[in-house]
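For reference, the structure is listed below as structure tokens.
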Amino acid sequence: IDAFRAPSDHVKENYEQFGYQKKKIQVIPHPLDDLFLVDHKSDFTDPIQILYVGALEKHKGVDKLVPIIHGLRRDGLDVELTVVGTGGFRAKMEQQGTELDCAESIDFAGFVSNEKLPEVYAGHDLFIHPGVWEEPLARVYIEALATGTPIVTREYGSVQSIIGDGGVTTDGSVEDYIRVIAELIQEYRFSALSEGGKKRVQRYRRDQIISQVEKLYHSIL
């Protein structure tokens, strides 16, 4: 093998740890689907609309979503959650909503086509990604950045370097998600993060990524 393409810095580090030659590894992220380059629509006012997009499976951390919403509402914050996606954990989440008395604040939207997703992102105030495994480069980060929807997620590897000024990270615990989101609301940082996301996503534009891939091939030839 003449070269390896890693989609993020932490994947490159993993390659190195497994013995691959560092000089052969180049970080080239996934390209943005231009479909997601839309204007942000939400006005960041109460109720704060939080969005999750992804599989409803435990490795995605979805077992934390309902407790996070419960904790925020318990603390007097007006928040609502939209869950986009399907999976075996939905029934458990619905049960959590009933037990924690916040079911009325959660909308299970099910499957949403890729063509409709940009407007869904753009219409929400905050995107949450509580995943518990180290994804190489979650496309949902790029999609949220493109729509100007602030991100809150767990720090692992190089996540903060991926989202830049378009979001903030937590230690992954329910308590820290509640703390960080509460601070975002109280300090009204949404507009700044939205603008930061729009700027950050430029590094994922398709023309730039294609150029990097071409340069990699040329360097080998």
query = From the list 163, 220, which one is aliphatic (A, V, I, L, M) and either surrounded by 21 or more Cβ atoms within 10 Å (Cβ to Cβ) or closer than 16 Å to residue 80 by Cα (or both)?
reply = 163
inquiry  = Looking at the structure I just gave you, is residue 181 over 13 Å from the mean Cα position of the chain (by Cα) and open to solvent by less than 10 Å² (accessible area, probe 1.4 Å)?
reply    = yes
Sole residue being in contact (Cβ under 8 Å) with a residue 24 or more places away in the chain and at positive phi, chosen from 188, 204, 177 = 188
ask   = Taking into account only those residues within the stretch 54-67 that are of a type in the set (A, V, I, L, M) and surrounded by 22 or more Cβ atoms within 10 Å (Cβ to Cβ), which is farthest from residue 131 (Cα to Cα)?
value = 66
query = Could you list, in sequence order, the residues of the stretch 205-218 that are of a type outside the set (A, V, I, L, M) and either in a helix (DSSP H, G or I) or over 19 Å from the mean Cα position of the chain (by Cα) (or both)?
reply = 206, 207, 208, 211, 212, 214, 215, 217, 218
inquiry  = Within the stretch 72-82, does at least one residue satisfy the condition of being more than 20 Å from residue 142 (Cβ to Cβ), assigned to a loop (DSSP other than H, G, I, E, B), open to solvent by less than 70 Å² (accessible area, probe 1.4 Å) and among the charged types (D, E, K, R)?
reply    = yes
task = Quick one: in the stretch 124-151, of everything that is open to solvent by 10 Å² or more (accessible area, probe 1.4 Å) and touching a Phe, Trp or Tyr at 6+ places or on another chain (Cβ under 6 Å), which residue is nearest to residue 48 (Cα to Cα)?
result = 143
inquiry  = Being farther than 19 Å from residue 58 by Cβ, open to solvent by 30 Å² or more (accessible area, probe 1.4 Å), at pLDDT 95 or above and not small (Gly, Ala, Ser): is that true of residue 94 here?
reply    = no
ask   = Restricted to the stretch 184-215, and to residues that are open to solvent by 60 Å² or more (accessible area, probe 1.4 Å) and aliphatic (A, V, I, L, M), which residue is farthest from residue 31 (Cα to Cα)?
value = 192
ask   = Restricting to the stretch 1-27, what's the tally of residues that are in contact with a strand residue (DSSP E or B) (Cβ under 8 Å, 6 or more places away or on another chain), assigned to a loop (DSSP other than H, G, I, E, B) and acidic (Asp, Glu)?
value = 0
message = Of the residues 115, 119, only one is more than 18 Å from residue 62 (Cβ to Cβ), touching a helix residue (DSSP H, G or I) at 6+ places or on another chain (Cβ under 9 Å), of a type in the set (D, E, K, R) and open to solvent by 40 Å² or more (accessible area, probe 1.4 Å); which?
response = 115
request  = With respect to residue 184, determine if the residue is at pLDDT 95 or above and under 18 Å from residue 8 (Cβ atoms).
outcome  = no
remark   = Note: among 101, 63, just one is at pLDDT 95 or above and part of a loop (DSSP other than H, G, I, E, B), namely 101
Residue list for the stretch 38-53, restricted to those being open to solvent by 10 Å² or more (accessible area, probe 1.4 Å) and either part of a strand (DSSP E or B) or among the aliphatic types (A, V, I, L, M) (or both) = 38, 49, 53
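The values are calculated or read from the model by the stated rules, or taken from the named source; none is laboratory data. None of the values given here were measured: they were computed from a predicted structure. Ideal geometry is used to build each Cβ from the backbone, glycine not excepted, and the neighbour counts take in all protein chains shown. All accessible areas refer to the heavy atoms of the entire protein, side chains included, with ligands and DNA or RNA removed. Shrake-Rupley method; radii C 1.70, N 1.55, O 1.52, S 1.80 Å.
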